[in-house]
2 protein chains.
Amino acid sequence: MTSHPSVANSSTTIRRARREDVAIIVAMLADDPLGSGRERLEDPLPPSYYKAFETLDRDPNIQLMVAEQEGGAVIGCLQLCILPGLSSQGASRALIEDVRVASKLRSQGIGEQLVQWAVAEARAKGCKLVELLTHSTRVDAQRFYVRLGFKASHVGMTVRF
Amino acid sequence: MTSHPSVANSSTTIRRARREDVAIIVAMLADDPLGSGRERLEDPLPPSYYKAFETLDRDPNIQLMVAEQEGGAVIGCLQLCILPGLSSQGASRALIEDVRVASKLRSQGIGEQLVQWAVAEARAKGCKLVELLTHSTRVDAQRFYVRLGFKASHVGMTVRF
């Protein structure tokens, strides 16, 4: 037995995020050493978050998903982008972003359930490649993705304005 | 002086790719140790490339760009995706993919001109982050991106089907 069961919690469902989930998603993005300095977790939330939600929600390439417990609590999130492109004989590729699980519920298979949903969805949409960037300091995350079949094949390069 | 001049060749222009550029773009994607096994550079090209071009060309998030020499020769390409998302206060982020320069014209500032176009475009579109994955073996590419202001901050994880 490891601390990351490979069978996800059957009481957790993955569904598309709704506008009323935005605050809890932002709270999860902010509850993180890297994310805390980037978000503004205020009540009410800055309107920029709702504006971004509306933009991504009508974008056919993007699926912002949440993990929901029985009872309705949102405990995880993930954004999947399916991107057309010419390479690999014109296969789309998938990009996974913003994977988060509520801090008190980590290591229970919820992240795995989210990522496995995304990989299956990418495959169903004809992608030949799923990619993501994880910060170099997130060694646990890298082990987690390797366990789910990913390879640390690339360097993720970023520039922030 | 380095082998990568920081002033791009003024006779090279960056423009949106057109359907008639698809074959030369695929040739550049295939002219690469990693890409050669993934592409099918046939005449005529497999229709999947044209289908993918049509999909990405009507996608408002995606700009497939080429570098064109005076005289009309296409000598480089890059795909820029602008992706809405909740993180960073709802700022979009930019993903750069499939940067290629014709092999006989490398180290002349063409890749730099393409990437600088993409970074400027991302900034103009309100992105706070530009990201890309470059294969771990592409050490020259990593140096190139660092020179253009990128940091090797992340691990790029991939799964291929």
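Tabulated data for the structure shown
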{"item": "Nearest-20 debye value, the protein assembly as shown charge dipole, Cβ charges on Lys, Arg, Asp, Glu", "result": "400"}
{"item": "10 Å Cβ shell holding at most 13 others, DSSP loop, GluC sites (Glu not before Pro): longest site-free stretch of chain B", "result": "B:71-161"}
{"item": "Shape of the range A:33-161, Cα gyration tensor, a/c cut at 1.5", "result": "rounded"}
{"item": "Shortest-first nm distances, B:Val139 label point to equivalent points in other copies (7 Å, Cα→Cβ)", "result": "2.4"}
{"item": "Pseudo-label separations to other copies for A:Arg16 - Cα-to-Cβ vector, 7 Å, nm", "result": "2.7"}
{"item": "Kyte-Doolittle mean at least -1.0, axial Cα span of 20 Å or more - DSSP H helices of chain A", "result": "A:110-124"}
{"item": "Base-10 log of normalised Debye intensity for the protein assembly as shown (one unit scatterer per alpha-carbon) at q = 0.09, 0.11, 0.13, 0.14 Å⁻¹", "result": "-0.47, -0.70, -0.97, -1.11"}
{"item": "Separation between Cα centres of the range A:25-80 and the range B:27-77, rounded to whole Å", "result": "34"}
{"item": "Residues A:Asp43, A:Asp21 arranged by fewest to most Cβ contacts within 10 Å", "result": "A:Asp43, A:Asp21"}
{"item": "Summed residue charge, Cβ within 15 Å of B:Ser107's Cβ, Lys/Arg positive, Asp/Glu negative", "result": "+4"}
{"item": "Cβ nearest the rotation axis (A onto B), residue from chain A and distance to the nearest whole Å", "result": "A:Gly156, 2"}
{"item": "Other copies of B:Gly71: label-to-label distances in nm, shortest first, labels 7 Å along the beta-carbon direction", "result": "7.1"}
{"item": "Cα lying deepest toward the dipole's positive end in the protein assembly as shown, options B:Ser87, A:Ala23, A:Gly111, charges on Cβ", "result": "A:Gly111"}
{"item": "Student exercise, the range A:21-161 dipole from Lys, Arg, Asp, Glu Cβ charges, in Debye to nearest 20", "result": "660"}
{"item": "Spatially proximal lysines relative to B:Lys51 (Cα-Cα < 20 Å; intrachain offsets below 8 disregarded)", "result": "A:Lys125, A:Lys128"}
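Throughout, read-outs are computed from the coordinates displayed, never taken from laboratory work. Just so it is clear, the model here is predicted, and its values are computed rather than measured. In this analysis, Cβ positions are derived from the backbone assuming ideal geometry, glycine residues included, and neighbour counts consider all displayed protein chains.
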